[in-house]
1. Full extension from Thr401 to Arg45: what is 0.36 nm times the residue separation minus their Cα-Cα distance, to one decimal in nm?
2. If each of Glu32 and Arg301 carries a label point 7 Å out from its Cα toward its Cβ, how far apart are those two points in nm?
3. Report relative contact order for the range 211-328 in percent, whole number only (criteria: Cα-Cα under 8 Å, sequence separation at least 6).
4. For the chain, list log₁₀ I(q)/I(0) at each q in 0.07, 0.10, 0.13 Å⁻¹, using the Debye formula over Cα point scatterers of equal strength and ignoring solvent, two decimals each.
5. Work out the charge dipole of the chain with +1 on the Cβ of Lys and Arg and -1 on the Cβ of Asp and Glu about the Cα centre, then indicate which of Gly180, Leu75, Ala127 is farthest towards its positive end.
6. Dipole of the chain, Cα-centred, from +1 at each Lys and Arg C-beta and -1 at each Asp and Glu C-beta, to the nearest 20 debye?
7. Classify the range 301-357 from the C-alpha gyration tensor, please: rounded if a/c falls under 1.5, else prolate or oblate depending on whether a/b exceeds b/c.
8. Taking springs between alpha-carbon atoms closer than 10 angstrom, which of His58, His174, His385 fluctuates most in the Gaussian network model of the chain?
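The values are calculated or read from the model by the stated rules, or taken from the named source; none is laboratory data. Everything numeric in this text was worked out from a predicted model, so none of it was measured. Ideal geometry is used to build each Cβ from the backbone, glycine not excepted, and the neighbour counts take in all protein chains shown. What goes into the accessible areas is simple: the full protein's heavy atoms, side chains included, and nothing from ligands, DNA or RNA. Shrake-Rupley method; radii C 1.70, N 1.55, O 1.52, S 1.80 Å.
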Amino acid sequence: MTAPARPSSTVPTSDADPFGSEVLEDPLPMHEALREAGPVVLLERYDTFALARYDDVHAALVNWQEFESSAGVGLSNFRYEEPWRPPSILLEADPPRHDAPRRVLQKVLDPRALRRLREDWAADADALVDEVLARGTTFDAAKDLGAVFPLRVFPDAVGIPQPGREKLLPYGDHAFNAFGPANDLVAKGAPRVAELSGWVNEQCRREVLAPTGFGADIWAASDRGEITPEQAPLAVRSLLTAGVDTTVHGISAILYAFATHPDQWQRLRAEPALARVAFDEAVRWESPVQTFFRTATTDVRIGDVVVPEGRKVLMFLAAANRDPRRWADPDRFDLARDPSGHVGFGMGIHQCVGQHVARLEAVSIVTALARRVRSIELDGPTVRHHNNTLRALESVPVRVTLD
Ligand code: OVP
């Protein structure tokens, strides 16, 4: 699209390592440095371009024609390197191949299809909160709620059998690590790849899935010819890959946000219907999915810089979500703001197809907590879990007072 342009010698460079432990512990200073450096920055360490400003990230995300996903949304390019598992027919595809599976999952996970889960999940959330509070008024919001609730409700909703469910979280953790470079985090997951992948793939078979649920709905769509029988298990695999760790860390994030913003908990308590906007504000504020790569399909000009065809471009969703050019007081978790337009779920044709499921999970648990808890505050140091793609919390000790 872009004709001869100035050589990209003008591109600002950075020696930051977005996948190093120092940045994973606290990525915010690097995000600011990348935003300030310019619209596009060359990450010298990976010889890859990066976008960190809201307008540029947004524009690239909606421009799937020039920033493709088909070459992989991780650092490695499928055209030169063998992927660690068969590519996702959804995440790692573009139109026209992307369209049929996307339509099917959109229908299976649409808010109207989720209505039958609402009451069940509200009751499940009440029961879990009762269990946790019965043990006392200090607990770990990440370990006791965030890491527990999605695993209680989501695998059942998909329709997979009980045994082996503890494999879902480490499988997803590795999948999200694998989008980054082959660093120590990927090496740590490598020994279990065959075991975890083998189990996950097995759960995607029609004979293994329950007769009702998201899995059965996907297979029914293949019976109707909306996707092929070869695509059905891969669509189920997408749910199992993308749907567990993201919601675990998203729920931990919103609880961490409230524990560190006591006035916002009071606001939610006064108006429980704010739980939905609170979740989107938490996704903006924390960005559980920090980054995704795209690949330039042609020479693309961004500002003064030309990103050459075939090069990887790292989209910093998290940096865009706190860009002061777009958000007033971006570091504040604030239920009074309108967080819509955040790119925490992505934007454009690949925008999170499971976001209604995630929102329902988070709203269920936050609403259950708001019914019983008058105040929530941190009760010790939080501990981060490092992942090449996810911003995650291992431990969020809290102390609550009850009504
Ligand atoms: C955040 C996502 C993440 C990981 C895997 C997949 C999707 C998939 O489709 O397999 S979206």
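1. Here the segment from Thr401 to Arg45 would lengthen by 123.4 nm.
2. Distance between label points: 3.3 nm.
3. For the range 211-328, the relative contact order is 17 percent.
4. Debye curve over Cα of the chain, log10 I(q)/I(0) at q = 0.07, 0.10, 0.13 Å⁻¹: -0.32, -0.66, -1.13.
5. Ala127
6. Around 740 debye, computed over the chain.
7. Taking the square roots of the gyration eigenvalues as a ≥ b ≥ c, the range 301-357 is oblate.
8. Looking only at His58, His174, His385, the largest GNM fluctuation is found for His385.
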